[in-house]
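See below for the structure under consideration.
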Amino acid sequence: MNDIPEPDRHGDAPHPRMTEQLFGQKAAEAAFLQAWNTGRLHHGWLLTGARGIGKATLAWRIARFLLTDPPVQAQTLDPTPGHPSLPRIRALSDPGVMLLRRPWDEKAKKLKTQITVDEVRRLGGFFGMSSGGRRVVIVDPADDLNPSAANAILKLLEEPPAQATLILISHQPARLLPTIRSRCRVLRLAPLDLPALEAAVEQAGRHAAAANALAEGSVGAALELAEGGAETYEALVGLFAKPVLDRARARAMADACAGKAGQARLDATLNAIERLLHRTARAGLLGPPADAPDTEVRTLTRMAPHDAAARAWARVAQDVSDRAAHARAVNVDPAAIVWDALARIDAQARKL
């Protein structure tokens, strides 16, 4: 079991449940504390914001706080020191907490692409066995819930067990059922400023120099960029630097993601595509980032010369993301997923 990868963990960085300190999210922490101190703790919480800015770390801070006998009036989310639940929470063995994430497919020997309804059904036994005490459920991320699982979570939000707190993490809350969003209190987390980003990167075991501007306030992005993501993004920008797509280079980029061996490359490439589309859309409104290298400035300027282009690229970004998510869910060849995304970007670029 120790060899099974954790889908909610970045590489070999510490899992969020092991991360003691949260940087740059004082406003979100204060909002939760206010709800606790006023006796108005909602049963459902939706933590939103970009990937890698601390949503899961905050979720686990909240879980530790709630499960270690917090004072009626608390000044911080720090748990009670030395509480016996703390080592159990770190080991995912505490009876008061349940983590729902993409499960391991024993037959296929890989992680499933979605959180299934069978995972949500485990909550029946969880609540039955831990009745009488406070319980916390973390869904990381709720974006991975398949339709049946999402409906099961919705039913739980509509009829929550006593003293239950459900924490849903979402990178793209617009994809969730409106009824799920309406039954949760939303905590919006912001990108980290540079000092907070550097501190968080160092806490994850990396040098602060990894906190470059391209990460845009995301610890997860900074770690990914330091592990080869920067080179992948640079190659992608170069691919669209000229008006005519170099199809041979594009095909090579897609083929590098094929098969099980290309899984990590697939994730890095899709993240690079998402980053390029978001930066392109923003450039159409605000211009290229001041700290962008010359090649990226030329590429963004050519692809997004005005605000109408920005709106078009925003639509392409959503379309590419949706198609990639669906394709991965039904096990489409990874090379085909990347090729489809590159072709759609090229088709939009040709319209300008």
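Derivation of every value follows stated rules applied to the coordinates shown; laboratory data play no part. Here the structure is a predicted model, which is why all the values come from computation and not from measurement. Cβ coordinates were reconstructed from backbone atoms using ideal geometry, including for glycine residues, and neighbour counts include every protein chain displayed.
Listed values, structure above:
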read-out	value
Antiparallel bridges, percent of DSSP beta bridges restricted to the chain (to nearest 5)	10
In the range 295-352, the trypsin sites (Lys or Arg not before Pro) that fall in loop regions by DSSP, at most 14 other Cβ within 10 Å	Lys351
Rounded Å value of the spacing that divides the Cα centres of the range 152-168 and the range 90-142	13
Note, ³J(HN,Hα) from phi for the range 56-71, Karplus 6.51, -1.76, 1.60, rounded to Hz, x at Gly and Pro	5, 4, 5, 4, 6, 5, 4, 4, 4, 4, 5, 9, 10, 6, x, x
Listed values (1) 1.03; (2) 0.97; (3) 1.72, entry calculated as Cα Rg over 2.2 N^0.38 Å	(1)
Rounded to 5, the percent of DSSP beta bridges in the range 16-188 classed as antiparallel	10
³J(HN,Hα), Karplus 6.51/-1.76/1.60, whole Hz, each residue of the range 176-184, x for Gly, Pro	6, 4, x, 5, 5, 4, 6, 9, 10
Relative contact order of the chain, defined on C-alpha pairs under 8 angstrom at six or more residues apart (%)	17
With Cα atoms, 0 to 90° folded angle of helix 194-203 axis to the chain main axis	70
Most fluctuating residue given options Gly54, Gly82, Gly287, as computed from a GNM of the chain linking Cα atoms under 10 Å	Gly82
Integer Hz, Karplus 6.51/-1.76/1.60 couplings in order for the range 102-107, x for Gly and Pro	4, x, 7, 8, 5, 6
Prolate/oblate/rounded call for the range 16-188, Cα gyration tensor, a/c under 1.5 rounded	rounded
